[in-house]
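First comes the structure, then the notes that go with it.
Bear in mind that the values in this text are calculations on the coordinates, not laboratory data. Worth saying up front: this structure is predicted, and the values here are computed from it rather than measured. We place every Cβ from the backbone using ideal geometry, glycine too, and count neighbours over all the protein chains shown.
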Amino acid sequence: MKILLSIAIVLLVVLLVWVFGYTAQVPVTLSWTAPGDDGDISVATAYDMRYGPDSTFQNWAALDSVQGLPLPDSAGTCQSVTLNLPEGRLYFFAMKTVDEAGNWSGISNIARTVTPDMTAPERITSLIFGDCQ
């Protein structure tokens, strides 16, 4: 009975991957220099980093939000975040900073990346001597 249940689970997983597709995840690291709270002094309160498939960023709230951002550090400090994204896709990133009074910065410069394709091609199973038939 346990063997049948194990086979059923494996078949279900294969079916779900086939129906919904599977895309490998690729780590992407973004780095920036921490701004200050007031210009280039002190420490800001929080970051809001977003990403999407194009560089317009006209509807900030509709973009995907990056989770796990560090708290802002002292102005001038290098900071970074790593996230896992599906392979073989184009992404644009931007961020904003807020201070303790709720003042938001403008949108940062826009960073662009294409996640590498990590899926190997299918193996050849038709290798023969002579001409193809």
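Answer yes if at least one residue in region 100-107 is farther than 16 Å from V26 by Cβ and in contact (Cβ under 8 Å) with a residue 60 or more places away in the chain, and no otherwise. Walk me through it before giving the result.
Narrowing region 100-107 to residues farther than 16 Å from V26 by Cβ: 100-107.
Still in the running and in contact (Cβ under 8 Å) with a residue 60 or more places away in the chain: 100, 105.
There is at least one residue in region 100-107 that is farther than 16 Å from V26 by Cβ and in contact (Cβ under 8 Å) with a residue 60 or more places away in the chain.
Looking only at region 92-119, filter to residues that are closer than 17 Å to L71 by Cβ and among the β-branched types (V, I, T); which one of those is surrounded by the fewest Cβ atoms within 10 Å (Cβ to Cβ)?
Within region 92-119, the match that is surrounded by the fewest Cβ atoms within 10 Å (Cβ to Cβ) is V98.
For F57, which of the numbered conditions (1) exposed (fewer than 11 other Cβ atoms within 10 Å of the Cβ); (2) on the phi > 0 side of the Ramachandran plot fails to hold?
(1)
Check T125 against each of (1) farther than 23 Å from V28 by Cβ; (2) surrounded by 10 or more Cβ atoms within 10 Å (Cβ to Cβ); (3) among the hydroxyl-bearing types (S, T, Y) and name the one condition it does not meet.
If we test T125 against (1) farther than 23 Å from V28 by Cβ; (2) surrounded by 10 or more Cβ atoms within 10 Å (Cβ to Cβ); (3) among the hydroxyl-bearing types (S, T, Y), just (2) comes out false.
Sort out which residues of region 82-131 are of a type outside the set (A, V, I, L, M) and assigned to a strand (DSSP E or B), and write them in order of number. So that I can check it myself, show each step before the final result.
If we filter region 82-131 for residues that are of a type outside the set (A, V, I, L, M), which is where we start, we get 82, 84, 86-89, 91-93, 96-97, 99-100, 102-106, 108-109, 112-113, 115-117, 119, 121-123, 125-126, 129-131.
Across region 82-131, the qualifying residues are T82, N84, P86, Y91, F92, F93, K96, T97, W104, R112, T113.
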